[in-house]
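What follows is a short report on a single structure.
The values are calculated or read from the model by the stated rules, or taken from the named source; none is laboratory data. Remember, predicted model here, so these are calculated numbers, not experimental data. Here the Cβ is made from the backbone with ideal geometry for all residues, glycine too, and neighbour counts use every protein chain on show.
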Amino acid sequence: MPSTFTLPQKYKEITDAGRETLIKTLGWAVIRQSVYEVCRGKNLRDVTEMLTRRRLALLNAALLTWTLDSDSWEDLLNQAGAAIHQGKLPKAERWTAQWLLGLTDKARQNVLRDQKTNLDTYIAQYKQALVDITQESIETFGPLTGNLQLGQKIQDIDWSFFLFLLSAVGAQTLTIRGSEKSLYGKFFEPLVLGTLLTCLGFRFVSDPQSIPPNPHGIFWLSSREEKGESDATLIYRPGKGVRFDIGFIGRGNPEISLDKVSRFERQAKISSQSYDVLTLILVDRIGKNSHIQERAQDIGGYIIQMSMGYWPRTVAQTLQHELGFDHPILKKDDAELEQYLKECINKAPLAAFLHQSQDDAKS
């Protein structure tokens with residue numbers, strides 16, 4: 001039996017996947033292709049779904065392999081409870097302990113409410129529930145017997161073991177899918193925004209604290225301001241700026257998109273200079289009967305759907321309408337725009353975009 005929550009290094013690496021793991025796993029060629037697919041209107045979830053399934057499959061295998069070292073599922077439950085009682089666990093250990101108890105982070109907060117006495121009561125009830133459901137499964141479907149062998153490890157199996165394992169896998173799936181949604185969003189948001197503004201001919205500034213006098217056509221990523229936070233700030237010319245906010249938000253959440261517009265003010269101080277600021281919100285899609293775009297314009301902003309084919313041209317048209325922006329992208333047909341985006345994305349400094357957004361998140 002393994003010592004309490006001594007997880008294999010490979011298991012922890014899969015569980016703790018972050019930016020560096022993504023870069024190493026995907027490679028820049030795949031990342032650039034993914035950015036291109038988003039720019040031509042493909043949903044990020046579609047682009048990354050197979051990556052999520054791969055991670056889930058690997059974690060399913062890792063969890064099964066680890067549980068085969070235990071004496072029993074009851075022992076694993078006890079280990080999980082003891083680990084959570086200790087508190088301040090690294091993410092991989094915390095998640096694994098919760099999965100063995102059939103819990104996610106949110107379920108743990110809602111069910112246990114950070115009370116240790118609630119944890120003990122829950123574990124006792126969970127054990128009894130597995131015992132009761134095991135008996136019901138035997139009566140309904142018949143007995144289940146056999147064993148699993150991995151190398152020299154052999155584990156006898158029955159209904160209680162399988163029900164326990166399937167419950168853990170279910171909690172694991174919910175956790176990872178929620179985690180992947182946030183991970184891929186935070187990873188690709190600066191890449192897509194930085195690429196968009198680069199392809200529109202604007203210059204990336206890695207240090208927004210050192211803006212040159214009378215700036216024209218420069219941008220930086222992830223800017224914190226007095227009212228809200230924008231994912232990118234563009235200085236079009238002295239006195240005129242644009243805030244960009246991006247979120248891979250589906251049509252079921254239009255109120256979130258509108259809130260993003262309304263939290264920004266039309267006037268802002270940037271490097272001690274006053275600017276008239278336009279707000280552009282990029283979302284995945286908007287429902288057919290939604291009037292959110294008209295409502296956004298009423299409060300001084302625009303919402304643009306990334307589900308539209310080659311939506312960067314729509315961004316350019318909006319900047320042309322509001323600021324007199326001009327760029328060859330405005331005159332390109334779809335075939336020409338496709339080729340232009342491919343060439344531009346291949347040259348865009350994606351690593352620099354990630355580096356700045358990561359530094360800003362730490363500050």
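Structural remarks
- Every residue from the range 1-53 that is over 20 Å from residue 354 (Cα atoms) and assigned to a helix (DSSP H, G or I): 9, 10, 11, 12, 13, 14, 15, 46, 49, 50, 52, 53
- Search result, residues across the range 170-210 that are out of contact with any strand residue (DSSP E or B) (no Cβ under 9 Å at 6 or more places or on another chain) and of a type in the set (Asp, Glu): 180
- For the range 6-18, the set of residues classified as of a type outside the set (Val, Ile, Thr) and either crowded, with 17+ Cβ neighbours inside 10 Å or at pLDDT 80 or above (or both) consists of 7, 8, 9, 10, 11, 12, 13, 16, 17, listed by residue number.
Table: residues versus (1) outside the structural domain of residue 305 (by TED's automatic domain parsing); (2) in contact with a Lys or Arg (Cβ under 7 Å, 6 or more places away or on another chain); (3) surrounded by fewer than 18 Cβ atoms within 10 Å (Cβ to Cβ).
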| residue | (1), (2), (3) |
| --- | --- |
| 33 | yes, no, yes |
| 46 | yes, no, yes |
| 49 | yes, no, yes |
| 55 | yes, no, no |
| 65 | yes, no, yes |
| 74 | yes, yes, yes |
| 93 | yes, no, no |
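- The residue that is modelled with the highest pLDDT, counting only those in the range 105-122 that are out of contact with any Leu (no Cβ under 6 Å at 6 or more places or on another chain) and aliphatic (A, V, I, L, M), is 107.
- Selection of first residues in the range 176-200 that are surrounded by fewer than 21 Cβ atoms within 10 Å (Cβ to Cβ) and modelled with pLDDT of 95 or more and of second residues that are in a loop (DSSP other than H, G, I, E, B) and hydrophobic (A, V, I, L, M, F, W, C), restricted to Cβ pairs under 7 Å at least 6 apart or on distinct chains, gives the following pairs, ordered by first then second residue: 198/348.
- Lone qualifier among 32, 94, 108 - being among the basic types (Lys, Arg) and under 23 Å from residue 131 (Cβ atoms): 108
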